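In what follows, a structure is listed as structure tokens, so that the remarks can point back to it.
The values are calculated or read from the model by the stated rules, or taken from the named source; none is laboratory data. All figures in this text were calculated on a predicted structure; none of them were measured in a lab. Positions of Cβ are backbone-derived with ideal geometry, glycine not excepted, and every protein chain shown enters the neighbour counts.
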Amino acid sequence: MSVALRLEGLSKRFGQTLAVDRLELEVPPGTFLTLLGPSGCGKTTTLRMVAGLEQPSSGRILLGGRDITELPAHQRGLGMVFQSYALFPHMSVFENVAYGLRNQRLLAAEIRRRVEAALERVGLGGLGDRAPHTLSGGQQQRVAVARALVLEPPLLLFDEPLSNLDAKLRRSVRAELRALQQELGITALYVTHDQEEALALSDRIAVMNAGRLQQVGTPEAIYRYPANPFVAGFIGMTTLLQGEAQPNGQGVRVRLGSVVLEAYTPEPFTGPAVLALRPEDVRVGEGELSAVVRRVAYLGERFEVYLESPWGEVLAYVPSEVRPRAGEAVPFRVAWATAYPA
Ligand code: ATP
């Protein structure tokens with residue numbers, strides 16, 4: 001089986017709204033793929049169609065090569081992990097994990113064996129008698145994963161499972177989930193609107209906007225080589241500028257007033273350009289260009305600096321030991337930029 005999940009021309013219309021528009025996507029076995037995009041981009045609807053909770057308007061869903069488009073949700077055999085894990089608070093960890101097996105007419109000994117094996121797999125062996133609230137956030141997450149894994153699904157679906165956690169807990173649970181996925185080689189489709197979460201967790205990210213797939217790639221590829229201005233602007237606090245481009249080998253040269261910058265572009269082109277600059281790629285304190293520091297916000301490990309540049313306002317991150325001051329003239333350079341036809 002070369003592909004665990006394949007979506008072919010998958011669309012969903014709600015009245016006038018085309019929530020998902022001819023989506024083509026593959027999830028290879030052992031891959032953690034995240035659907036990422038702003039609110040309303042169609043990611044939850046996509047996940048719900050895969051789960052069988054929503055019927056597609058057109059297109060096909062293939063699981064391990066088998067067409068499951070018409071199959072009812074309960075016959076798809078997929079594991080689901082929801083917001084805040086949705087553990088049953090009045091049940092023990094064991095009973096939470098056993099829940100999905102209870103209506104499968106299995107012998108008690110078989111249920112016990114499978115639940116204990118699932119708890120062992122997620123590193124919670126021996127904690128079956130505990131109540132969920134006595135576990136850490138990361139351990140609760142593991143119970144939710146064990147509950148889904150015990151059914152031995154070919155694919156796990158995650159619907160923003162971390163969204164109700166506070167920021168600090170979210171980070172640590174995120175790291176645990178990534179480690180768990182790598183240990184177990186889970187095949188997963190994960191939905192989030194949080195770009196940092198997507199970058200930290202995924203093998204591959206599919207960025208969506210307005211129902212359409214924008215780009216699929218590794219976190220590094222999505223971050224470094226955004227396919228279009230939407231992806232460039234959605235990931236990070238990107239500054240977008242207008243310029244004029246000329247092809248230059250694999251990339252382009254973009255003229256911004258009297259300055260020419262080299263930029264990566266998916267396809268070299270000539271003419272009006274949108275130039276995308278990430279704040280971490282705008283290096284303040286070095287370089288040929290000059291700007292005036294307009295506003296400064298201290299963020300602990302760095303400053304967020306708004307520069308009044310020859311092209312208008314540009315956001316830069318500056319390490320906190322540099323201590324930029326408002327009103328000060330500073331040199332700067334652009335270490336990496338991406339450009340797109342305007
Ligand atoms: P969020 O992160 O806010 O959940 P999303 O990216 O998951 O957003 P969807 O929930 O898939 O987006 O919604 C996509 C579009 O479809 C939105 O415009 C939404 O209003 C619409 N939509 C979703 N479900 C329904 C429904 N049951 N009836 C009508 N419109 C719907």
*Can you tell me which residues in the stretch 1-56 are charged (D, E, K, R), within 27 Å of Tyr223 (Cα to Cα), within 15 Å of the ligand (Cβ to nearest atom) and part of a strand (DSSP E or B)?*
Asp21, Arg22
*For the stretch 147-167, how many residues meet the condition of being modelled with pLDDT under 85 and closer than 21 Å to Leu36 by Cα?*
7
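Checking the condition polar (S, T, N, Q) and surrounded by 13 or more Cβ atoms within 10 Å (Cβ to Cβ), which residue from Thr270, Thr338 passes? Give the steps one after another, and end with the answer.
Values: Thr270 fails: surrounded by 13 or more Cβ atoms within 10 Å (Cβ to Cβ).
Just one listed residue meets the conditions, Thr338.
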_helices (runs of 4 or more DSSP H) wholly inside the stretch 129-245 containing at least 2 residues that are under 30 Å from Leu307 (Cα atoms)_ = 195-201, 219-224, 229-234
_Criterion (over 27 Å from Phe230 (Cβ atoms), of a type in the set (Asp, Glu) and surrounded by fewer than 20 Cβ atoms within 10 Å (Cβ to Cβ)) met by exactly one of Asp203, Asp194, Asp129_ = Asp129
*Any chance Leu119 is in a loop (DSSP other than H, G, I, E, B), under 32 Å from the mean Cα position of the chain (by Cα) and hydrophobic (A, V, I, L, M, F, W, C)*: no
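What number of residues within the stretch 176-197 are within 16 Å of the ligand (Cβ to nearest atom) and not aliphatic (A, V, I, L, M)?
As a first pass, look at the stretch 176-197 and keep what is within 16 Å of the ligand (Cβ to nearest atom): 189-197.
Cutting the leftovers down to not aliphatic (A, V, I, L, M) gives us 190, 192-197.
Within the stretch 176-197, residues that are within 16 Å of the ligand (Cβ to nearest atom) and not aliphatic (A, V, I, L, M) number 7.
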*Is there a residue being outside any strand (DSSP E or B) and either more than 16 Å from the ligand (Cβ to nearest atom) or without any contact (Cβ under 8 Å) to a residue 40 or more places away in the chain (or both) anywhere in the stretch 246-253?*
yes
*Taking the stretch 198-229 on its own, how many of its residues are away from the ligand (no atom under 14 Å from the Cβ) and out of contact with any helix residue (DSSP H, G or I) (no Cβ under 7 Å at 6 or more places or on another chain)?*
12
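From Glu183, Glu152, Glu176, Glu197, grab the single residue that is charged (D, E, K, R), within 12 Å of the chain's Cα centre (by Cα) and farther than 24 Å from Leu10 by Cα. Even if it seems obvious, please write down each step before you answer.
On the way: Glu183 fails: within 12 Å of the chain's Cα centre (by Cα); Glu152 fails: within 12 Å of the chain's Cα centre (by Cα); Glu176 fails: within 12 Å of the chain's Cα centre (by Cα).
Just a single option satisfies the conditions, and that option is Glu197.
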_Count of the stretch 140-183 residues which are surrounded by fewer than 19 Cβ atoms within 10 Å (Cβ to Cβ), among the polar types (S, T, N, Q) and out of contact with any His (no Cβ under 9 Å at 6 or more places or on another chain)_ = 3
*How many residues are in contact (Cβ under 8 Å) with a residue 60 or more places away in the chain and either surrounded by fewer than 19 Cβ atoms within 10 Å (Cβ to Cβ) or within 16 Å of the ligand (Cβ to nearest atom) (or both) if we restrict to the stretch 57-80?*
4
